[in-house]
Amino acid sequence: MMKKKIPMAKALVISAAIFLAGSSLLSAKDTPSVVEHIRLCLWAGLDAYPGSAEAADLEAGPYDYPIKSMKKVAPYLIQGMVYGWEFSYTPSDKTRGVEEYFELTPIQSLSADDKITYSSPWLEESRLNAWVDFTRTENQIQKYNLWASISNKSISGKGYGSFSKGFEGIQEAAADCAKNAVRDYYRKVIKNKPKEITGRLLIRDQPLLGVDSGKYVIKLDFFMESGRIIEYTRF
């Protein structure tokens, strides 16, 4: 399949939605360990979502939207791989009239010292591809190894988000994925529905993000640090 390399500035004009190519696109030789160095292959569709706010934003410069898109998606996923998220989950309970609730918040945001690089863009059919790289510090490597200790569970899930929402749809899909992973795990170990479950999650491997039936779909593997399980005091 023919690939065409293009300058980075020119490449960024074309993007409208950013997706993370799965690890299946990388050979074993090209896939580094995520412990020391994170390398993601991002690809971007050539057309904006019809009718979306981004497509209708006529005041945006030709480079503004695609650059902002990539600089939102890459840091968001890398933050989840380096520092992780805290979660609060309330299972639905029809008997008590309780609706399902899930909240995901960053444990720590990336700082100005956390350098992300974008390189080697190329066009392939109807999409733009580019490499995103991030090297962990010694302290961040130690944090990852601590997460990987046997005291933390390994869980995984899949989630969906609105494609028309752009970056917010990716956040929506990630939260849905985390909720499903947490819910599926605790359904197996808790007999009675609790009032609330809290804990922390760290993305432990390459994220897989794409589109399915007009929605973002993301698959994530996590380390989970268990927090509190709050039971109902009475029926």
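The values are calculated or read from the model by the stated rules, or taken from the named source; none is laboratory data. Just so it is clear, the structure is predicted and the values come from calculations on it, not from any experiment. Cβ coordinates were reconstructed from backbone atoms using ideal geometry, including for glycine residues, and neighbour counts include every protein chain displayed. All accessible areas refer to the heavy atoms of the entire protein, side chains included, with ligands and DNA or RNA removed. Shrake-Rupley method; radii C 1.70, N 1.55, O 1.52, S 1.80 Å.
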Specify whether the C-alpha gyration tensor of region 103-193 places it in the rounded, prolate or oblate class, a ≥ b ≥ c being the square roots of the eigenvalues: rounded for a/c under 1.5, otherwise prolate if a/b is larger than b/c and oblate if not. oblate
Förster radius 25 Å - calculated FRET efficiency between THR95 and GLU168 (Cβ-Cβ, nearest 0.05): 0.15
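How high is the FRET efficiency from SER119 to ASP205, r the C-beta distance, R0 25 Å, rounded to 0.05? Write down the numbers at each step before the final one.
Details: r = 22 Å, r/R0 = 0.88.
E between SER119 and ASP205, to the nearest 0.05, is 0.70.
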Probe 1.4 Å, all protein chains in place: accessible area of GLU103 in Å², nearest 10? 80 Å²
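At 0.36 nm per residue, and after removing the present C-alpha to C-alpha distance, how many nm does the segment from LYS72 to GLU138 gain when stretched out fully? Present the calculation step by step, with values, prior to reporting the outcome.
On the way: separation 66, 0.36 × 66 = 23.76 nm, distance 2.49 nm.
Value of the extension gain: 21.3 nm.
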Local electrostatic count at LEU104 - Lys and Arg +1, Asp and Glu -1, tallied over other residues with Cβ under 11 Å: -2
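Summing +1 for each Lys or Arg and -1 for each Asp or Glu, what net charge is found among the other residues whose Cβ lies under 11 Å from the Cβ of VAL82? It would help to have the intermediate numbers written out before the result.
Details: positive: ARG136, LYS143; negative: ASP114.
Value of the local net charge: +1.
Using a 1.4 Å probe over the heavy atoms of the protein chains, calculate the carbon and sulfur portion of the accessible area of region 160-228 as a whole percent.
Values: 1360 of 3270 Å².
After summing per-atom areas, the C and S share lands at 42 percent.
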With the 8 Å Cα cutoff and a minimum separation of six or more residues, region 151-213 has a relative contact order in percent of 27 percent
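Measuring with a 1.4 Å probe in the full set of protein chains, what accessible area per residue, in whole Å², belongs to region 87-235? Write down the numbers at each step before the final one.
Working: 8320 Å² over 149 residues.
Value for region 87-235: 56 Å² per residue.
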With contacts defined as alpha carbon pairs under 8 Å and 6 or more residues apart, what's the relative contact order of region 129-235 in percent? 32 percent
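Would you tally the net charge around ALA173, using a Cβ to Cβ cut-off of less than 11 Å, leaving ALA173 out, and scoring K and R as +1, D and E as -1? Present the calculation step by step, with values, prior to reporting the outcome.
Numbers: positive: LYS158, LYS165, LYS179, LYS215, LYS219; negative: GLU168, GLU172, ASP176, ASP212.
Summing Lys and Arg as +1 and Asp and Glu as -1 gives +1.
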